[in-house]
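The values are calculated or read from the model by the stated rules, or taken from the named source; none is laboratory data. Quick caveat: nothing in here was measured; it's all calculated off a predicted structure. Counting neighbours? That spans all protein chains shown, and the Cβs are built from the backbone with ideal geometry, glycine included.
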Amino acid sequence: MGIREELMERIDMERIPRHVAIIMDGNGRWARGRMRGRSEGHAEGVNSVHNITKAASDLGVKHLTLYAFSTENWNRPAEEVETLMHLIGWAIRKETPELKANNVRIRLIGEIGRLPESVRADLEEGCRQTASCDGLNLNLCLSYSSRRELTEALQAIVDEVAAGKRPPLVDEDTISSHLYTAGIPDPDLLIRTGGEHRISNFLLWQIAYSELYFTPVLWPDFDENALLEAILDFQGRERRFGMTSDQVREQKP
Ligand code: FPP
């Protein structure tokens with residue numbers, strides 16, 4: 001039996017995380033380790049995006065949220081930013097037919113208006129083409145900053161109150177419904193590749209109760225088996241949401 005089959009045998013298909021979010025890190029180090037340019041690491045990272053999207057879709061994950069470009073990434077050398085933008089546009093154009101065939105819907109999260117016009121057009125076309133797909137939701141975070149998302153949400157709420165459009169009482173649902181992720185359930189599992197143990201301004205509100213999984217595997221090396229390992233680790237944990245183990249057991253049918 002191969003490694004994949006062994007892992008699949010141990011996976012409980014009834015307890016697949018509904019929402020997996022990933023901080024894809026390590027493209028640069030992957031390239032440096034092979035004496036190649038950083039751009040080649042990013043190009044290889046696109047292969048991982050392809051493989052992990054397919055694997056998540058096959059497993060029945062409902063939301064896969066990928067941190068593809070942070071607001072802070074605009075500060076990288078202009079040449080690297082240009083390469084990344086070019087790659088993202090190219091990858092979306094290339095992948096959209098297969099995503100559509102696999103019933104995957106592309107959704108965009110972040111300050112999409114800051115992206116170059118042509119990349120935005122490619123992304124919007126990908127969204128349009130897959131709008132009626134109701135399998136996996138592939139949520140791409142582009143020019144995304146969680147603090148900015150929260151700041152904008154709070155400003156929007158304040159403006160609505162000032163305009164008399166809503167009462168001044170704010171609860172958690174008010175905030176959630178003003179985030180880019182409105183309507184998307186919170187991540188069950190957050191994976192970070194590349195060996196760092198940081199959240200880097202990603203989904204700060206949404207990951208309040210997510211299980212965190214850090215792996216030293218660099219993103220271009222993160223394959224289907226690595227995803228299965230992460231899901232197995234997730235399935236071995238007890239999610240208590242602040243309750244005791246006894247209370248959690250009593251809740252189970
Ligand atoms: C982090 O590695 C990776 C990124 C900043 C970019 C990730 C983007 C892709 C893989 C392309 C996404 C494409 C689509 C279609 C969504 P790093 O450069 O920070 O690596 P390092 O920490 O080793 O330097």
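Applying the condition of being more than 8 Å from the ligand (Cβ to nearest atom) and within 16 Å of the chain's Cα centre (by Cα) to segment 24-53 and asking which residue is surrounded by the fewest Cβ atoms within 10 Å (Cβ to Cβ) yields 47.
Could you tell me which residue of segment 192-248 is surrounded by the fewest Cβ atoms within 10 Å (Cβ to Cβ), considering only residues that are small (Gly, Ala, Ser) and under 23 Å from residue 6 (Cβ atoms)? Of everything passing the filter in segment 192-248, 236 is surrounded by the fewest Cβ atoms within 10 Å (Cβ to Cβ). Scanning segment 74-98 for residues that are under 30 Å from residue 16 (Cβ atoms) and of a type outside the set (D, E, K, R), we see that the one that is surrounded by the fewest Cβ atoms within 10 Å (Cβ to Cβ) is 97.
Within segment 113-128, being among the small types (Gly, Ala, Ser) and farther than 10 Å from residue 85 by Cβ holds for 113, 121, 126. Residues of segment 107-139 that are within 20 Å of residue 24 (Cα to Cα) and assigned to a loop (DSSP other than H, G, I, E, B): 110, 111, 115, 136.
Residues that are surrounded by fewer than 17 Cβ atoms within 10 Å (Cβ to Cβ) and among the small types (Gly, Ala, Ser) were ranked within segment 99-134; the one that is farthest from residue 187 (Cα to Cα) is 118. Does residue 88 count as near the ligand (Cβ under 10 Å from one of its atoms), closer than 19 Å to residue 140 by Cα and at pLDDT 95 or above? Spelling it out, residue 88 is indeed near the ligand (Cβ under 10 Å from one of its atoms), closer than 19 Å to residue 140 by Cα and at pLDDT 95 or above. Annotation: of all residues in segment 138-187 being within 29 Å of residue 76 (Cα to Cα) and in contact with a Lys or Arg (Cβ under 8 Å, 6 or more places away or on another chain), the one that is surrounded by the fewest Cβ atoms within 10 Å (Cβ to Cβ) is 143.
In the set (1) more than 19 Å from residue 37 (Cβ to Cβ); (2) buried (at least 19 other Cβ atoms within 10 Å of the Cβ); (3) within 9 Å of the ligand (Cβ to nearest atom), the condition left unmet by residue 69 is number (1).
Residue check: residue 17 meets all listed conditions (1) away from the ligand (no atom under 13 Å from the Cβ); (2) surrounded by fewer than 21 Cβ atoms within 10 Å (Cβ to Cβ) but one, namely (2).
Determine, yes or no, whether residue 102 is touching a strand residue (DSSP E or B) at 6+ places or on another chain (Cβ under 9 Å) and more than 13 Å from the ligand (Cβ to nearest atom). Judged against the criteria, residue 102 is not a match.
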